[in-house]
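Quick notes on the structure that follows.
The values are calculated or read from the model by the stated rules, or taken from the named source; none is laboratory data. Quick caveat: nothing in here was measured; it's all calculated off a predicted structure. Heads up, the Cβs are rebuilt from the backbone with ideal geometry, glycines too, and the neighbour counts pull from every protein chain shown. Accessible surface is based on the protein model in full, side chains and every heavy atom, while ligands, DNA and RNA are left aside. Shrake-Rupley method; radii C 1.70, N 1.55, O 1.52, S 1.80 Å.
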Amino acid sequence: MTTLVMFDDERAGGWAPFALTRPCGELVFGRWTLRERLERVARTRVAGHVTRPWLHRYAEPGAPRCLDAGGLSTPCTVWNARAVPSLEAAWNDAPANLWVADRLAGVRPGAGAEPPQADWFATPRPRPGLPDHEVPGAWLRDPWDLVAAGPDRLAADLTAIPGAEASAPPDGCWRLGDAPIHLGEGARVEPGVLFDAREGPIELGPGVQVRSGTRLGGPLYAGAGSQLLGGHISRFAGGPGSRVRGEVDHVTTLGYSNKAHDGFLGHAYLGCWVNLGAGTVTSDLKHTYGSIRVGPPGARRDTGLQKFGCLLGDHVKTGVGTRLETGAVVGAGSSLFGAEPPPRWVEPFSWGGGRNTEPHRRGDFISTAARVVERRGLEGTPDFRNWLGDVWDEACRS
């Protein structure tokens, strides 16, 4: 059996704010994480990630471990996390250089061949002597591509799921449009919910709860145990245990993020365990209708997008009434509060309000993160604490 491994190249290593805390293969794009998508195509589990060295103790339930870049053995397939294979792509275990859209996406050295060495993963190169195999798919260049292309990918994914029988809206609810609606086992929808399936399918995972007065606009996917608490929620993909309310459009959240109050959140991507205080609002459009730039002062880059709200790293928290500017990037572990809006670029583990933040102390951050996890019925294990401690140490070294 050929071992399947995902890796982050040099460009993925710059995917702020998410690359600090997790392998990029554990980011959601459409219905699944990039890793889950590859597993569906390859019909086998990913054994692990080759990624940044401080993530060697990465410990998220259900995700594979991070691997020593110099410790692989053959036969294996190594695949770039930024390469998105088509769900219809043919897959086999024959040795090959693997290409997506004329760019090298991975290699598959056969049994007995030398595996890729540690320095190969940052700037991968074709393996001499191997045949070339083209895999249909696309590339993600920058983290805001997850925002710009997410809803279209989600619509295609929900349409492509085989064998899923469509559900009728529950009694007392309404429907617009003809796209499929899927209700997972134990999903509970109160009367007075509108399913707007004119622009794409809607899937509610097992145990999802939807409160009366919610308008769900497809394409939409709510992961197991999520709660949709009211308002207009459209073009949304939420990981397990997410809580969402208000005007939410063109948004992806990873697991257990919390936006349980009113306020606009648009064209945004939220990491795990994000908590937005009541009345937190984002801007996703400039007054000039111009292209939005992203990045730290002096090094901003043009996204080419007219609409783009924010990227919020894992364990970010905002206080009541926080206003996030267009194109905001908030580093992992930051806690923002106060009357003055934070800047468009917030360094990881920032604590405070406006432009005058201080570092969020290591022990305080880790103990709070563990407390938050345990409030949701999970365990803040030593592995979990060690992983976050390593991330804090790296951020403070940078």
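So if I check each of Val294, Val281, which one is hydrophobic (A, V, I, L, M, F, W, C) and open to solvent by 30 Å² or more (accessible area, probe 1.4 Å)?
Details: Val294 fails: open to solvent by 30 Å² or more (accessible area, probe 1.4 Å).
Within the list Val294, Val281, the selection yields Val281.
Assuming Arg211 fulfils every condition listed in (1) open to solvent by 30 Å² or more (accessible area, probe 1.4 Å); (2) within 21 Å of Cys310 (Cβ to Cβ) apart from one, which condition is it?
(2)
Looking only at region 345-360, how many residues end up being part of a loop (DSSP other than H, G, I, E, B), open to solvent by 30 Å² or more (accessible area, probe 1.4 Å) and either at pLDDT 95 or above or of a type outside the set (Lys, Arg) (or both)?
Summing the residues that are part of a loop (DSSP other than H, G, I, E, B), open to solvent by 30 Å² or more (accessible area, probe 1.4 Å) and either at pLDDT 95 or above or of a type outside the set (Lys, Arg) (or both) in region 345-360 gives 2.
Give region 256-269 a look and list any residue that's open to solvent by 10 Å² or more (accessible area, probe 1.4 Å), touching a residue at least 24 places away in the same chain (Cβ under 8 Å) and within 18 Å of Val147 (Cβ to Cβ), or say none.
His267
Within region 153-172, is there a residue that is farther than 30 Å from Gly217 by Cβ, open to solvent by 50 Å² or more (accessible area, probe 1.4 Å) and among the hydrophobic types (A, V, I, L, M, F, W, C)?
Scanning region 153-172, I find no residue that is farther than 30 Å from Gly217 by Cβ, open to solvent by 50 Å² or more (accessible area, probe 1.4 Å) and among the hydrophobic types (A, V, I, L, M, F, W, C), so the answer is no.
For region 42-79, give me the residue count where each residue is β-branched (Val, Ile, Thr), surrounded by fewer than 20 Cβ atoms within 10 Å (Cβ to Cβ) and in contact with a Cys (Cβ under 7 Å, 6 or more places away or on another chain).
Within region 42-79, residues that are β-branched (Val, Ile, Thr), surrounded by fewer than 20 Cβ atoms within 10 Å (Cβ to Cβ) and in contact with a Cys (Cβ under 7 Å, 6 or more places away or on another chain) number 0.
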